[in-house]
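**Student:** One structure coming up, written as structure tokens, with questions to follow.
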Amino acid sequence: MGILEEINDAVIYGKRKDVVAGVEKALIEGYDAGVILHQSMIPAMTEVGLRFERNEFFVPEMLIAARAMQAGIDILRPLLVEGGVEPLGTVAVGTVQGDLHDIGKNLVALMLEGAGFEVRDLGVNVSPDHYVAAAQEGVQIIGLSALLTTTMPAMKAVIDALEAAGVRGQVKVMVGGAPVTQTYADEIGADGYSPDASSATRLAKQLLNIE
Amino acid sequence: MFDPVLPHPQPDFEALLAVLKGTRQPERVHFIELSMDGEIMQALTERYLGEDWFEWGQGFEFTPPEPYFKQVVNLYYRLGFDHAPVWATWPNHPRPAYRSGENTAALASGQRNWTEEGSGLITSWEDFEHFPWDDLQPDPRPVEYATRYLPDGMMLTVNTTYFEHIFENLLGFEGLSYLMYDEPELVDAVFEHWGRKVLAYYEAVIGMERVGGIFHADDMGFKTSTLIAPDALRRLVLPWHKRFAALAHEHGKIFCIHSDGNLYKQGIIDDLIDDVRIDGFHAFEEIIMPVTQFNAEYGHRVATLGGIDMDRLVRWPEPALRQYIRAVLDKNMPGGRYALGSGNTVANYIPLENYLILLEEGRRWGS
Ligand code: B12
């Protein structure tokens, strides 16, 4: 197995130490940081996402894979910056106001990062003006998460606030979470919905016309 | 105006049991709930029973005083239930970390508490060893208190949480996820220790005369799958469910289970029915498994409990909601093995008038 495959495997199975060792070895062997990221680690996270969608991997497996990838990225980051490797786009994700459920939004953030997006995690209980501020600062996509029907209306409030601030046209809005559906997304005028963290990455790419 | 309070309730737990087991055709719609939020019980009691409500605002680490159970039993009775649920309390249990936020519910009293999903009370062997396991003893008082006020014909259903307690409070969902790979023995030890506590609780109360069965609550799934791998559930969780069920059955009582989420794709539902031997299954969402579809597919093997979708209960306008509930009853009532109720719990953000619609449709069906 070549070193890129080794790293790929280690990310898929969440083996943090093996990822670190592999990345260090690959760098010594002369691999470019961007190549390690794009040809080994990102495909690994895509695979993790697909297995999650096929119900072969579950939340724990996704979390440890993302943690392993993160350990590799920590080593690569300065080199990626130096090499001018650009992210696919920038996404701000947050759980809407009144809702403090973290893990769904976290998985979406991890998978987007794992797909090569720059992700700004706005946290939980995020008020509409924080999303507006992110839009004004130039993020391309806003991702909204909610766990309960009682907090879903806050999604509409974000879209309204983006309109009111005159930035709705600048950003794409995607929504998700336990009670959220495509119908609801259409109803509130969101640009997209997806049922899980893996398909959220495809949705984000679609929204930015990537690939 | 519909009055949800019955002038002469006639609870009949035996009839409910026979209907759920399929040995008797239902003569009316029986209701079932795992739980109602305090705000809902308070509003119903004050507005429709014209009685004061004494709110018990503490967590599961404290046992409410007797008057609390009196009013809970009274409310379920007057609303026409055959059972009243009694949740276990765990005095001396360390308080888990919560995060509080604005409560967006119509009947909100105070802030909404959210579980700390990042980590729980136990993050290491050291935490495990310092955890006051020995101080956690079954507390039969809730059942004793409730029993004192239980009208003839009514029975109590008892419950607590096992897996849910672990991922919610003891380890946290992310904590559990990482520890499953970083410290699997610690995870095993926590499941074993908490399992023994839950079993001890059920052992302490199942023989009590007015306990009709266990209505165990354990979310095992979410929107698209099980929360952890099905094989992990099969190893860590289901063997305990099987013990709880066997205990209930030894005492001639029923064992029903509440679990949210998608347990269908990987066949966990079949394990529950065939191996754990549950008598009834509770918790449905239309976007995962409509209750009517469940009843069509599994209804000959297990009773179908509740299932009126939470999102619809909250958001649907009256005519559509009524039609939906009627359609569920029309499909699920014939042949029995069905009891009407919410798809999860009567949460405080369900508009009260919508919950009344559920009760009214249930009362009116077939007449
Ligand atoms: C675990 C759980 C709990 C836990 C923890 C909740 C907490 N954090 O505080 C406990 C047991 C405490 C709980 C309590 C309650 N719960 Co609860 N709970 C769940 C359960 C089983 C799983 C949620 C979860 O952790 N999922 C795991 C994560 C990883 O998944 P996720 O959040 O869905 O995220 C994924 C996708 O949705 C998507 N996604 C998420 N965000 C985004 C964003 C974008 C942009 C995109 C594209 C995608 C995306 O990607 C993620 C990964 O694939 C759900 C059932 C369900 N269907 O999900 C019920 C559920 C959410 N609960 C429900 C209810 C009613 C309650 C209570 C109100 C019950 C009560 N009366 O007390 C309380 C309220 C809690 C509170 N904080 O006030 C209902 C809500 C119904 C509704 N429509 O409003 C549900 C849907 C169950 C049901 N049968 O209907 N709950």
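The values are calculated or read from the model by the stated rules, or taken from the named source; none is laboratory data. A quick note: this is a predicted structure, and the numbers were derived from the prediction, not measured. Heads up, the Cβs are rebuilt from the backbone with ideal geometry, glycines too, and the neighbour counts pull from every protein chain shown. Note: areas computed on protein heavy atoms with side chains; ligands, DNA, RNA excluded. Shrake-Rupley method; radii C 1.70, N 1.55, O 1.52, S 1.80 Å.
**Student:** Can you pull out the residues in region A:178-195 that are in a loop (DSSP other than H, G, I, E, B), near the ligand (Cβ under 8 Å from one of its atoms) and open to solvent by 20 Å² or more (accessible area, probe 1.4 Å)?
**Tutor:** Hits for region A:178-195 are A:ALA178, A:PRO195.
**Student:** What helices (runs of 4 or more DSSP H) completely inside region B:291-346 contain at least 3 residues that are of a type outside the set (Lys, Arg), open to solvent by less than 10 Å² (accessible area, probe 1.4 Å) and closer than 15 Å to B:LEU359 by Cα?
**Tutor:** Qualifying helices (runs of 4 or more DSSP H): B:318-332.
**Student:** If you don't mind, there's one more thing I want to ask. Filter region B:152-206 down to residues that are among the small types (Gly, Ala, Ser) and part of a helix (DSSP H, G or I) and give me whichever is surrounded by the fewest Cβ atoms within 10 Å (Cβ to Cβ).
**Tutor:** Per the criteria, the residue is B:ALA200.
**Student:** What are the residues in region B:95-105 that are in contact (Cβ under 8 Å) with a residue 24 or more places away in the chain and buried (at least 17 other Cβ atoms within 10 Å of the Cβ), if any?
**Tutor:** Those that are in contact (Cβ under 8 Å) with a residue 24 or more places away in the chain and buried (at least 17 other Cβ atoms within 10 Å of the Cβ): B:PRO96, B:ASN103, B:THR104, B:ALA105.
**Student:** Looking at the structure I just gave you, is A:GLY138 open to solvent by 10 Å² or more (accessible area, probe 1.4 Å), assigned to a loop (DSSP other than H, G, I, E, B) and modelled with pLDDT of 95 or more?
**Tutor:** yes
**Student:** Further, regarding this structure: Does region A:102-114 include one or more residues that are without any contact (Cβ under 8 Å) to a residue 40 or more places away in the chain, over 14 Å from A:ARG202 (Cα atoms), more than 9 Å from the chain's Cα centre (by Cα) and within 14 Å of chain B (Cβ to nearest Cβ)?
**Tutor:** Scanning region A:102-114, I find at least one residue that is without any contact (Cβ under 8 Å) to a residue 40 or more places away in the chain, over 14 Å from A:ARG202 (Cα atoms), more than 9 Å from the chain's Cα centre (by Cα) and within 14 Å of chain B (Cβ to nearest Cβ), so the answer is yes.
**Student:** Among the residues of region A:51-67, is there at least one that is more than 13 Å from chain B (Cβ to nearest Cβ), open to solvent by 10 Å² or more (accessible area, probe 1.4 Å) and touching a residue at least 60 places away in the same chain (Cβ under 8 Å)?
**Tutor:** No, there is no match, as no residue in region A:51-67 is more than 13 Å from chain B (Cβ to nearest Cβ), open to solvent by 10 Å² or more (accessible area, probe 1.4 Å) and touching a residue at least 60 places away in the same chain (Cβ under 8 Å).
**Student:** OK, next. Would you point out which residue out of A:LYS25, A:LYS105 is in a helix (DSSP H, G or I) and open to solvent by 20 Å² or more (accessible area, probe 1.4 Å)?
**Tutor:** Among A:LYS25, A:LYS105, only A:LYS25 is in a helix (DSSP H, G or I) and open to solvent by 20 Å² or more (accessible area, probe 1.4 Å).
**Student:** Then there is this: Those residues that are within 29 Å of B:ASN354 (Cβ to Cβ) and either within 14 Å of chain A (Cβ to nearest Cβ) or touching a Cys at 6+ places or on another chain (Cβ under 8 Å) (or both), I need them from region B:85-108; list them, please.
**Tutor:** Correct list: B:TYR98, B:ARG99, B:SER100, B:GLY101, B:GLU102, B:ASN103, B:THR104, B:ALA105, B:ALA106, B:LEU107, B:ALA108.
**Student:** Oh, and also: Only one of (1) modelled with pLDDT of 95 or more; (2) under 17 Å from the mean Cα position of the chain (by Cα); (3) among the acidic types (Asp, Glu) fails for A:GLU56. Which number is that?
**Tutor:** The single condition A:GLU56 does not satisfy is (2).
**Student:** Condition (residue is within 14 Å of chain B (Cβ to nearest Cβ) and either among the β-branched types (Val, Ile, Thr) or more than 18 Å from A:GLN97 (Cβ to Cβ) (or both)) applied to region A:128-148: is it met by at least one residue?
**Tutor:** Among the residues of region A:128-148, not one is within 14 Å of chain B (Cβ to nearest Cβ) and either among the β-branched types (Val, Ile, Thr) or more than 18 Å from A:GLN97 (Cβ to Cβ) (or both), which makes the answer no.
**Student:** For the list (1) open to solvent by 10 Å² or more (accessible area, probe 1.4 Å); (2) more than 14 Å from every other protein chain (Cβ to nearest Cβ), I need the number of the one condition that B:ALA248 fails.
**Tutor:** Tallying (1) open to solvent by 10 Å² or more (accessible area, probe 1.4 Å); (2) more than 14 Å from every other protein chain (Cβ to nearest Cβ), B:ALA248 fails exactly one: (1).
Residue by residue, here is whether (1) under 15 Å from B:PHE255 (Cβ atoms); (2) aliphatic (A, V, I, L, M); (3) within 14 Å of chain A (Cβ to nearest Cβ) holds:
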residue	(1), (2), (3)
B:ASP275	yes, no, no
B:ILE278	yes, yes, no
B:PHE294	no, no, no
B:ALA303	yes, yes, no
B:GLY307	no, no, no
B:MET310	no, yes, yes
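**Student:** Condition (residue is part of a strand (DSSP E or B) and either closer than 23 Å to B:GLY118 by Cα or of a type outside the set (Lys, Arg) (or both)) applied to region A:156-167: is it met by at least one residue?
**Tutor:** No, region A:156-167 contains no residue that is part of a strand (DSSP E or B) and either closer than 23 Å to B:GLY118 by Cα or of a type outside the set (Lys, Arg) (or both).
**Student:** Right, A:VAL81: within 21 Å of A:ALA204 (Cα to Cα) and either touching a helix residue (DSSP H, G or I) at 6+ places or on another chain (Cβ under 7 Å) or open to solvent by 50 Å² or more (accessible area, probe 1.4 Å) (or both) or not?
**Tutor:** Considered against the rule, which asks whether it is within 21 Å of A:ALA204 (Cα to Cα) and either touching a helix residue (DSSP H, G or I) at 6+ places or on another chain (Cβ under 7 Å) or open to solvent by 50 Å² or more (accessible area, probe 1.4 Å) (or both), A:VAL81 comes out as no.
**Student:** May I ask you to list pairs of residues, at least six apart or on different chains, whose Cβ atoms are under 6 Å apart, with the first in region B:321-336 being in contact (Cβ under 8 Å) with a residue 60 or more places away in the chain and the second being in a helix (DSSP H, G or I)?
**Tutor:** Pairs that qualify, where the first residue is in contact (Cβ under 8 Å) with a residue 60 or more places away in the chain and the partner is in a helix (DSSP H, G or I), are B:GLY336/B:VAL19.
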